[in-house]
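Just below is one structure, and these are the notes that go with it.
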Amino acid sequence: MSTEHTAAERGAPGAPHGLLAVIDMQRVFAEPDSPWATPRFEDAADGVRRLLPAFGDRVTFTRFLAPEKPVGAWRAYYDQWPFALQPPGARLWELTDEFAARAQHLVDATTFGKWTPELAERVGADGRLVLAGVSTDCCVLSTALAAADAGAEVLVVADACAGVDDDSHAKALQVMDLYRPLIRVVTVAEVLAGGTE
């Protein structure tokens, strides 16, 4: 890895290094009347708010989108959730207003995992991926496992994530923590204090 890349990855002196990926902070997960509402979305949003200034422009937001035409097992999935078969520009897929205004870099995917070639390129071959967002037990988990398999160092910020319920959130964190040292579960305070180096 070049010195230039290392400096860019680390950002300002004292700032945490790596790329912060904010997973799926969308209306479909935020709004209480949505079938996919995440009960502690606002808790995750608070953690994300605290992390954003420390990462500066080293942030990527992601969105989960429905495919135009589901294939394979996704057909049964969308038979169960037909409300979600809406085009990419539909309101439910928008980031919440607060995060839409801050999303200078956006990755869309029709899969739970957001470890796309675009996100992998932003992290770099020997880089660190810091994960926050929703839901811990689905898109965060899927992204973390794929990134770890690809050789990225993955930090999952527990108090900047939320699951479909508290029990699922806790179980997903426990599963990811089994992958140490490839994946580490950390807190916002640890990331901001540089305790994850």
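A few points about this structure:
- Taking the listed residues Pro53, Pro39, Pro35, Pro87, the one that is assigned to a helix (DSSP H, G or I), surrounded by fewer than 18 Cβ atoms within 10 Å (Cβ to Cβ) and either of a type in the set (Gly, Ala, Ser) or more than 13 Å from the chain's Cα centre (by Cα) (or both) is Pro53, with no other qualifying.
- If the condition is being under 18 Å from the mean Cα position of the chain (by Cα) and more than 22 Å from Val140 (Cα to Cα), then the range 56-84 contributes no residue at all.
- Candidates Arg63, Arg75, Arg49, Arg27, filtered to the one that is modelled with pLDDT of 95 or more and in contact with a Pro (Cβ under 9 Å, 6 or more places away or on another chain): Arg63
- Of the residues making up the range 104-129, those that are touching a residue at least 40 places away in the same chain (Cβ under 8 Å), assigned to a loop (DSSP other than H, G, I, E, B) and within 11 Å of the chain's Cα centre (by Cα) are Phe112, Lys114.
- Filtered residues of the range 99-120 (kept if at pLDDT 95 or above, of a type in the set (D, E, K, R) and out of contact with any helix residue (DSSP H, G or I) (no Cβ under 6 Å at 6 or more places or on another chain)): Asp108, Glu118
- Residue-level check: of (1) open to solvent by less than 50 Å² (accessible area, probe 1.4 Å); (2) farther than 16 Å from Gln26 by Cα; (3) modelled with pLDDT of 95 or more, Arg180 misses just (1).
- Residue tally, condition touching a Lys or Arg at 6+ places or on another chain (Cβ under 8 Å) and either open to solvent by 30 Å² or more (accessible area, probe 1.4 Å) or modelled with pLDDT under 70 (or both), over the range 9-24: 2
- All of (1) closer than 21 Å to Asp43 by Cβ; (2) modelled with pLDDT under 95; (3) open to solvent by less than 70 Å² (accessible area, probe 1.4 Å) hold for Val134 with one exception: (2).
- Flag for Leu92 being open to solvent by 30 Å² or more (accessible area, probe 1.4 Å), over 16 Å from Thr60 (Cα atoms) and more than 15 Å from the chain's Cα centre (by Cα): no
- From the list Val157, Val140, Val191, the one residue that fits, being buried (at least 22 other Cβ atoms within 10 Å of the Cβ), closer than 13 Å to Gly113 by Cα and in contact (Cβ under 8 Å) with a residue 40 or more places away in the chain, is Val140.
- Any hit, the range 105-126, residues being among the small types (Gly, Ala, Ser), out of contact with any Leu (no Cβ under 6 Å at 6 or more places or on another chain), open to solvent by 60 Å² or more (accessible area, probe 1.4 Å) and within 28 Å of Asp177 (Cβ to Cβ): yes
- Here Ala172 clears all of (1) open to solvent by less than 20 Å² (accessible area, probe 1.4 Å); (2) within 22 Å of Arg27 (Cβ to Cβ) except the condition numbered (2).
- Unique match (being farther than 15 Å from Phe29 by Cβ and of a type in the set (Ser, Thr, Tyr)) among Thr196, Thr136: Thr196
The values are calculated or read from the model by the stated rules, or taken from the named source; none is laboratory data. Keep in mind that what you see is a predicted model, and the values were worked out from it rather than measured. So basically every Cβ, Gly included, is an ideal-geometry build from the backbone, and we count neighbours across all protein chains shown. Heads up: the accessible areas ignore ligands, DNA and RNA and are worked out on the full protein's heavy atoms, side chains in. Shrake-Rupley method; radii C 1.70, N 1.55, O 1.52, S 1.80 Å.
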